[in-house]
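Each remark here refers to the structure printed beneath this line.
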Amino acid sequence: MTDQNGRVDDERRDRAAWLASPGGRAAVAAAADARQKAPGDALRAGSLLRGTLDLPSDLAAAALEQAELAETAALRHGIAETSLLFTRDGLEAATRPVVADRRAQALARGGVRRVVDLTAGLGFDAAAFLRAGLQVTCVERDPVIATFLRHNCPDATVIEADATDPEVLASLLTGLEPTDIVFIDPARRDPSAARDGHTARARPERDPERWSPPWSWVEGIEHPRVMAKVAPSFTPPPGWSAEWVSVDRTMVECTVRSWVADAPRRTAVVIELAGSTAQVEADGDDAPLTDSLGPWLHEIDPAVVQADALGALARSEGLAWLGPRTTWLTGDHRSTHPALRGHEVISDLPGNDRQARRQLADLGVTAATVKSRDASVGPREVLRALGLREGPGQAVVVTTVAGRQHRVLVGPAQPRS
Ligand SMILES: C[S@@+](CC[C@H](N)C(=O)[O-])C[C@H]1O[C@@H](n2cnc3c(N)ncnc32)[C@H](O)[C@@H]1O
């Protein structure tokens, strides 16, 4: 058994080394070319590649997989660089460059000079630290990923080791200044776990003690400045600051750090790929509540909700909250804050399904989108109950007003300026 595992590991390692070699790079370029000539036809791309290069089948498959992963990286993360090497799981776990760059540049601006990345993966965070001008040491325990990491981050020092090995950690920490950063992005998913056909995977990402390394180990690292990338649902330990980051209104991650200037902070970072980045700092005070619907409803960015920064945002924008468990602010004007999306209220739909249908027919509404994340009812159910088609433009918001579930017809999200 040990022999067989050893042989499989050797084969994976050899293939990874070949992919990083000039011969492997040429094969990946030829595979990318073949995939472009045969879009959507993996079999034909394979035979085109083998017609160009005389490769054993496992190396041809590895080159084609890299070409496919590079397409995914370009599509999902906007990574135009074609020379990087990926694993499927590594790409899924990788930090988006826009988020990694922002974090790295903030550290550099704060005077940080050096980072030890204890779980560097394919090196997306490490590459951002390097781009920000920091000195980077990476640790990665998986031999294939470590090979790709060396290739992807040639300017970093890469150590193939288990970061939880006390000797490895001690030797890394000994060389650090108190202002240097120990960065860690624990693996929250087990790549060997079975894939689930319907949902993502049946995995332990929600339990910090089942991450690798587990959270209790991270919390015990004896260094004054530890920064960790964690799941958005994570509850920061007392004394740690946290930032919840959304990109184009999708929650992507939370970063926690062990060192604080005065008191721990909770911050929402709202990144718009085509625009600006805004921050909202939680101040511990609740948002002003209202029982009445104003002429404008504002959808709150999920990072603000996760950071409990709703109160600060509502007060700064002169808006009121429809109540706990709702994600809408209302008021008599439209806010252009990047963390809010303003919709003009067209009509409250207070009655039963039949009355609401009649009201919608009188308004000439036949199609809408549904925003029902405050309720336990799904969009399809709402559309069916109201006799509407799914369509762009107007939206039906299902939320709570004065403690009761309400459906409200609103106009499309207004552009901010
Ligand atoms: C979430 S990924 C890191 C992704 C990385 N931040 C990026 O953006 O590319 C976590 C990585 O940690 C590695 N890892 C998990 N436990 C480890 C340990 N005890 N020591 C070293 N590496 C470990 C995994 O192999 C995986 O590649």
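Rule-based calculations on the coordinates, nothing more; no lab input. The shown structure was predicted, so the numbers you read here are calculated from the model rather than taken from an experiment. Cβ sites come from the backbone with ideal geometry, for glycine too, and all protein chains shown count toward neighbours.
Using the count of nearby Cβ atoms within 10 Å as a rough guide to exposure, how do S347, S57 rank from fewest to most? Don't jump to the answer; show the numbers that get you there.
Details: S347 16, S57 9.
Lowest count first: S57, S347.
Pairs of alpha-carbon atoms within less than 8 angstrom and 6+ residues apart define the contacts here; what relative contact order does the chain have, in percent?
Computed over the chain, the figure is 8 percent.
Mind running the shape call on the range 97-187? Use the C-alpha gyration tensor, a ≥ b ≥ c as the square roots of the eigenvalues: rounded below 1.5 for a/c, prolate if a/b tops b/c, oblate otherwise.
On the way: a/c = 1.92, a/b = 1.18, b/c = 1.62.
Judged from the Cα gyration tensor, the range 97-187 comes out oblate (a/c at least 1.5, b/c at or above a/b).
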Normalised contact order of the range 2-85, rounded percent, pairs of Cα under 8 Å and 6 or more residues apart: 29 percent
Using alpha-carbon coordinates, inclination of helix 143-152 to the longest axis of the chain, degrees: 80 degrees
Calculated log₁₀ intensity ratio I(q)/I(0) where the Debye formula runs over C-alpha points of the chain, q = 0.06, 0.14 Å⁻¹: -0.33, -1.24
Separation between Cα centres of the range 39-112 and the range 205-229, rounded to whole Å: 28 Å
Under the Karplus curve 6.51 cos²θ - 1.76 cosθ + 1.60, θ = phi - 60°, whole-Hz ³J(HN,Hα) for the range 31-37, x wherever Gly or Pro sits: 5, 5, 5, 5, 5, 5, 6
Extension gain, E167 back to T179 (0.36 nm per residue minus Cα-Cα distance, nm): 2.1 nm
Of Q405, Q306, Q394, the one that fluctuates the most in a GNM where the chain has Cα springs shorter than 10 Å: Q405
Karplus (6.51, -1.76, 1.60) ³J(HN,Hα), θ = phi - 60°, over the range 223-237, in Hz, Gly and Pro reported as x: 8, x, 10, 10, 10, 9, 8, 9, 5, x, 7, 5, 9, x, x
Debye, to nearest 20: dipole size of the chain, +1 on Lys, Arg Cβ, -1 on Asp, Glu Cβ: 1300 debye
Most mobile of E177, E11, E160 in a GNM of the chain (Cα contacts under 10 Å): E11
Order of D332, D348, D54 under a 10 Å beta carbon neighbour criterion, fewest first: D54, D332, D348
Label-point separation, A42 to D14 (7 Å along Cα→Cβ), nm: 2.4 nm
The range 2-85: translational diffusion in µm²/s, Stokes-Einstein, Kirkwood Rh over Cα pairs, 20 °C, 1.002 mPa s: 161 µm²/s
The range 252-260 - phi-based ³J(HN,Hα) in whole Hz, Karplus 6.51/-1.76/1.60, Gly and Pro as x: 10, 5, 10, 10, 10, 9, 7, 9, 10
Options A17, S292, P143, ranked by Cα towards positive dipole end of the chain, top entry (Cβ charges): S292
Inter-site label distance for A261 and A61 at 7 Å from Cα along Cβ, in nm: 5.4 nm
M251, M227 arranged by Cβ crowding within 10 Å, fewest neighbours leading: M251, M227
DSSP beta bridges in the range 296-410 [antiparallel fraction, %, rounded to 5]: 80 percent
DSSP-defined antiparallel bridges as percent of all bridges, the chain, nearest 5: 60 percent
5 angstrom amide H check on G391, placed H, neighbours 5+ away: A368, T369
Sequence-distant residues sharing a close amide H with R225 (under 5 Å, placed H): V182
Nearest-ten-degree value, helix 97-109 long axis tilted from longest Cα axis of the chain: 80 degrees
At q = 0.12, 0.18, 0.24 Å⁻¹, base-10 log of I(q)/I(0) for the range 296-410 (Debye sum, equal scatterers on each alpha carbon): -0.41, -0.90, -1.40
Amide proton proximity set for Q135, modelled H, under 5 Å, gap of 5+: R114, V115
